[in-house]
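Chemist: Could you have a look at this structure, given as structure tokens, before my questions?
We did not get these values from a lab; they are worked out from the coordinates using the rules stated. Every value quoted in this text rests on a predicted model; they were computed, and no experiment measured them. Positions of Cβ are backbone-derived with ideal geometry, glycine not excepted, and every protein chain shown enters the neighbour counts.
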Amino acid sequence: MADSLRDCETVLAQAATMVRPLVRSRVHTLPPQVRHVAGLHFGWWTDDGTVLDAPAVSKGVRPALVLLACRAVGADPDAARAAAVAVELVHNASLLHDDVIDQDPLRRGRPALWAAKGVPAAILAGDALFFAAVQSLAGAPAADRTVPVLLAAVQALIEGEYLDTLMESGTDVREERAAEVAAGKTGALLACACELGAIVGGATEERAQLLHGFGRRLGIAYQCVDDVLDIWGEEPVTGKPALLDLRSRKVIIPVAAAMAGHTPQARSLRALYSGNGPLGEEEAARARDLIEQTGAREATLRRARRHTADALHLLDQAEPEPVAAR
């Protein structure tokens, strides 16, 4: 396990070295005011322009998957840098919009951009990053194949976000709907990352689609674990205050799984979520305990393990190069 974690950390560090400078260069092509607020989101500087030595950065899973997929089909990961930049920009654009919709005040342990600079600035910065992502691919080889893949992923992200709003409004809180949200909001971009890496690496359509399927299922598993951490994780790990999603009455996967039951705990949870406004600290803690008592925490982790197994099966079918498969 320790060796696997070290391998993951090494891969993420290598990907960051290859991609982050190019992300910054691409953001620097934006108009000055938009560039400034985008840099605030990335944690590159403060509002007064002071450059930060240790910016708050994402884990870089998505761009790393682009590079790994390229390597998996036998190509040099350097060929996938533009695609990795595009995926990272789309991811950050989606975070900016997601924070506005959810009214989450923090991102990576710092004030979210909408909270710091207002909703219009966050929306426009997100829009700018989406367009910058397309520009990154449009000027690179295989653009006729890669740009449509990226745009399809963005469309899936939008659909997933909309389905999420339906769940938040109480229109549809089924467990299956929560899984669809995960497939759209997380699975789609991880699938896109793997497919883009395969395409620019010269893979056949069949192999690219296998890696697409791998990424999609990996993304759903990733979201399941992330949702569990949102409820039971610690703030230094998650970068968010404990129980924030529960206080906001977000219907994430464990919540939907718990509500699907017919036990007294499930009924109590549905009643707790039926009100308006945020839950208090004690109410959120009670919601957490009710979710645990329904068995939804373990059910969500089982779902994660199942999707991980499916993902690995598709990866095996794609016959990756041994050094990338590790």
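Chemist: Under the rule a/c < 1.5 gives rounded, and otherwise a/b versus b/c splits prolate from oblate, where does the chain land using the Cα gyration tensor?
Modeler: Values: a/c = 1.87, a/b = 1.28, b/c = 1.46.
Oblate shape, in that a/c is at least 1.5 and b/c is the bigger or equal ratio.
Chemist: Moving on. Over the chain, what is the relative contact order in percent, taking alpha-carbon pairs closer than 8 angstrom and at least six residues apart? Let's see the in-between values first.
Modeler: On the way: 504 pairs, mean separation 56.7, N = 326.
Reported relative contact order: 17 percent.
Chemist: Taking the dipole about the Cα centre of the range 1-149, with the C-beta of Lys and Arg at +1 and of Asp and Glu at -1, give me whichever of Val51, Leu22, Leu124 is farthest to the positive side.
Modeler: Of the options given, the answer is Leu22.
Chemist: Here is the link list: Lys59/Lys240; Lys117/Lys185; Lys59/Lys117. Which ones come out longer than 22 Å on Cα distance?
Modeler: Lys117/Lys185; Lys59/Lys117
Chemist: Starting from the Cα gyration tensor of the range 46-177, take the square roots of the eigenvalues, sort them a ≥ b ≥ c, and report rounded, prolate or oblate (rounded when a/c is under 1.5, otherwise prolate if a/b is larger than b/c, else oblate).
Modeler: It is oblate, given that a/c is not under 1.5 and a/b is not larger than b/c.
Chemist: Near the amide H of Leu106, under 5 Å away, which other amide H atoms are found, from residues 5 or more places off or on another chain, if H is placed in the peptide plane?
Modeler: Ala112
Chemist: Also: What order do you get for 75-88, 224-237, 273-286, 242-255 when each peptide is scored by the mean count of other beta carbon atoms within 10 Å, highest first?
Modeler: 75-88, 242-255, 224-237, 273-286
Chemist: Tell me the relative contact order for the range 1-119 as a rounded percent, counting alpha carbon contacts under 8 Å between residues six or more apart. Kindly include the intermediate steps, with their values, before the conclusion.
Modeler: Details: 99 pairs, mean separation 27.0, N = 119.
Relative CO of the range 1-119 lands at 23 percent.
Chemist: Let me ask something else. Tell me the mean residue ellipticity at 222 nm calculated for the chain from its helices only (DSSP H runs of n ≥ 4, each -39500 (n - 2.57), averaged over every residue, nearest 500).
Modeler: -23000 deg cm²/dmol
Chemist: Taking θ as phi - 60°, what are the ³J(HN,Hα) couplings along the range 236-247 by the Karplus curve (6.51, -1.76, 1.60), each to the nearest whole Hz, with x for Gly and Pro?
Modeler: Those phi angles translate into x, 8, 7, x, 10, x, 4, 6, 4, 5, 5, 4 Hz.
Chemist: Right, something else. Going highest first, how would you order 91-97, 295-301 by mean Cβ packing within 10 Å?
Modeler: Output ranking for 91-97, 295-301: 91-97, 295-301.
Chemist: Can you give me the relative contact order of the range 39-82 as a percent, contacts being Cα pairs under 8 Å and 6 or more apart?
Modeler: That works out to 22 percent.
Chemist: Same structure, new question: For a protection proxy built on the mean count of beta-carbon atoms within 10 angstrom, sort 307-313, 33-39 highest first, please.
Modeler: Result, highest mean Cβ count within 10 Å first: 33-39, 307-313.
Chemist: So what's the angle, to the nearest 10 degrees on a 0 to 90 scale, between helix 119-138 and the longest Cα principal axis of the chain?
Modeler: So the helix axis and the longest Cα principal axis differ by about 40 degrees.
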